[in-house]
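The structure appears below as structure tokens.
The values are calculated or read from the model by the stated rules, or taken from the named source; none is laboratory data. It should be emphasised that the depicted structure is a prediction, and the values quoted were computed from it without experimental measurement. As a convention, Cβ positions derive from the backbone with ideal geometry for all residues, glycine included, and neighbour counts pool all protein chains shown. Just the protein is used for accessible areas: all its heavy atoms, side chains included, with ligands, DNA and RNA removed. Shrake-Rupley method; radii C 1.70, N 1.55, O 1.52, S 1.80 Å.
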Amino acid sequence: MSDPINSVVILGGGTAGWITAGTLAARFNREQEEPVRVTLVESPNVPTIGVGEGTWPTMRSTLKKMGVRETDFIRECNVGFKQGAKFARWTTGADDDFYYHPLVQPEGFHNHNLATHWLGGSTSESFSNAVCPQEALCEHNRAPKQIGTPEYAAVANYAYHLDAGKFAGFLQRHCTENLGVRHILADVTGIEESETGDIAALKTEAHGKVSGDLFVDCSGFGSRLLGGHYKVPFRSCKDVLFIDSALAVQVPYEREDSPIATHTISTAQSAGWVWDIGLQSRRGVGHVFSSAHTSDSAAYGELARYLKVSEGELDRLGVRKIPIVPGHREKFWHRNCVAIGLSAGFLEPLEASALVLVEISANMLAEQFPASRAAMDVVARRFNETFLYRWDRIIDFLKLHYVLTKRTDSRFWIDNCDPATIPDSLQELLTLWRYQPPWHDDFDRAVEVFPAASYQYVLYGMGFETQPAAHGVSRASLEQAGQLFQQKGKATQQMLAGLETHRNLINKICRHGLQQI
Ligand SMILES: Cc1cc2nc3c(=O)[nH]c(=O)nc-3n(C[C@H](O)[C@H](O)[C@H](O)COP(=O)(O)OP(=O)(O)OC[C@H]3O[C@@H](n4cnc5c(N)ncnc54)[C@H](O)[C@@H]3O)c2cc1C
């Protein structure tokens, strides 16, 4: 074969670098007689971003494919289970204003659209409470599985909350000790190009040249290869999503046995929102906001009020300010270089979409891995087309959370509803959904980051009005819906009775471990 691709060099040892390394090495070093060599180069001086603690359920299959034991991961990365997100004060700003985006789909969702029946019915139950058990599990702080449920299996669908710093170290050990990834600690100071314009090697002072056939840019916001070397332009979306600053802090629990929330809590503020993530030994909390709508010091004050501490106490906890540039590169794969992680782009962490994009990027790279240089441009074109679509869908989905607000108490919320800031693709869907609830046909890709169910949870959680179908619903459909609502009621009762509290389960896993599959 001409120019076979035998070696991959990954620049960057943050979560993106190690997830990519683990995904590629597990695939090639286990499944092929002639493995592809995977090398990861990481600077001892440039720190990783150190945040990114909310994930998506895809993380279970990502870790399982790498051969990670779920028990080890939970013990070593301070992990809690995540069963969705609770959005507080997003619609009206009142104290009792909240809705859930759970991870369990509405009952019977593969072939029955319960939203139609919820909209036409007389129930006063919230949408997510009416169609799935998970809001109740979160409100009662129940774990999504039992100690006897095997590793990675679930009673209720779940993702994780994890300690970002510990996670990168954990993956590094697994990749180097079990999957044969070569790890080089060195600053990359230059890039050597071949005559064709491909990258031939990364230049380092400590280890000389590190050459390879394919280079993965996981160098974080710096985007050393795709942005820095190849100058692929950045496409900002600040005119749609205004958040551009974060204040992040780690908060200890009041007591060692304080309950651990089993969902991300996302509480709207005057010019942004606060995330609150429960790990085993601490919470990770942060205020993301629009610097065009508030000042750093006002945002700091709001974070202190959220945590119910004085600004002096907040100072002592050590708050980190992180600038955010919302948007992404115009393409992600150029010549023999593909960017994954922050080097490809970043959007506010409202729905934990960054790590899931890393996972599906690494997966697509592994699955469609170009066998030769001749095939690479075709794979690159497909990769770029697929991920441009994904970034656009994620931008639409995040913006959806803002356009449905009824808040008018600050410029931030008013400006967010300005039609000029809403992408045409989202406007079009909103028009459609005035007359029919979201359904599978609205999103036609095999892998959608946010499926129709996610749109339903946000739309109806925020009180969006869809007119009932003019042609009515059939008797058979009504009967089936009745059965599904009953089924959901029974499932909720059984789960509440059979699942213990989140902290109890975590303690048991740390002591005894989960059953291996
Ligand atoms: C405020 C905030 C909150 C977030 N919350 C979430 C969340 O809840 N969920 C989620 O999914 N994501 C979240 N993210 C995103 C998430 O943090 C990142 O997607 C994830 O950590 C991956 O980062 P990375 O590996 O791309 O970059 P980094 O962690 O920045 O790693 C970059 C790596 O490149 C190396 N490097 C850079 N330059 C050089 C050089 N010249 N030579 C050698 N090495 C070099 C560095 O040493 C480092 O190892 C959040 C991000 C922010 C900013």
Keeping all protein chains in place, calculate the accessible area per residue for the chain (probe 1.4 angstrom), answer in Å². 42 Å²
What percentages make up the Cα-Cα pair-distance distribution of region 53-201 when the bins are 10 Å wide from 0? 9, 27, 26, 18, 12, 7, 1
Kindly work out what percent of the DSSP beta bridges joining two residues of the chain are antiparallel, to the nearest 5. 70 percent
per DSSP, antiparallel bridges as share of beta bridges in region 1-119, % nearest 5, sits at 50 percent
List the lysines whose Cα sits under 24 Å from the Cα of LYS209, skipping any in the same chain fewer than 8 residues away. LYS231
Spelling out what I want: for every residue of region 401-418, take phi, set θ = phi - 60°, compute 6.51 cos²θ - 1.76 cosθ + 1.60 (Karplus), and round to whole Hz; glycine and proline get x. 4, 8, 6, 8, 5, 10, 6, 9, 7, 8, 4, 4, 6, 5, 4, 5, 8, 5
Lysines within cross-link reach of LYS490: Cα-Cα under 28 Å, excluding same-chain residues under 8 positions apart? LYS82, LYS86, LYS145, LYS508
What residues have an amide H closer than 5 Å to that of PHE81, excluding those fewer than 5 places away on the same chain, when H is modeled at 1.01 Å from N in the peptide plane? HIS161
For region 102-197, what's the relative contact order in percent, using C-alpha pairs closer than 8 Å and at least 6 residues apart? 19 percent
Angle between the chain longest axis and helix 15-31 axis [Cα atoms, degrees, rounded to 10]: 70 degrees
For region 296-382, what is the convex hull (Cα atoms) projected area averaged across all directions, in square nanometres? 7.6 nm²
Note on region 204-267: alpha-carbon gyration tensor, axes a ≥ b ≥ c; rule is a/c under 1.5 for rounded, else prolate if a/b larger than b/c, else oblate; result oblate
Those residues of region 214-250 whose amide nitrogen sits under 13 Å from the label point placed on ALA292, 7 Å along Cα→Cβ: 236-245
Everything considered on the Cα gyration tensor (a ≥ b ≥ c; rounded for a/c under 1.5, else prolate if a/b is larger than b/c, else oblate), region 70-141 must be described as oblate
Hey, what's the Kirkwood Rh for region 386-425 if you take every pair of different alpha carbons, in angstrom? 10.9 Å
Nearest-ten-degree value, helix 296-307 long axis tilted from longest Cα axis of the chain: 60 degrees
Please state the relative contact order of the chain as a whole percent: Cα pairs under 8 Å, 6+ residues apart? 24 percent
Return one number: the angle in degrees, 0 to 90 and rounded to the nearest 10, between the long axis of the Cα atoms of helix 353-367 and the longest principal axis of the Cα atoms of the chain. 50 degrees
Over region 181-329, consider all pairs of different Cα atoms and compute the Kirkwood hydrodynamic radius from their mean reciprocal separation; express it in Å, one decimal. 18.7 Å
Compute the whole-percent fraction of alpha carbon pairs in the chain spaced more than 42 Å apart. 19 percent
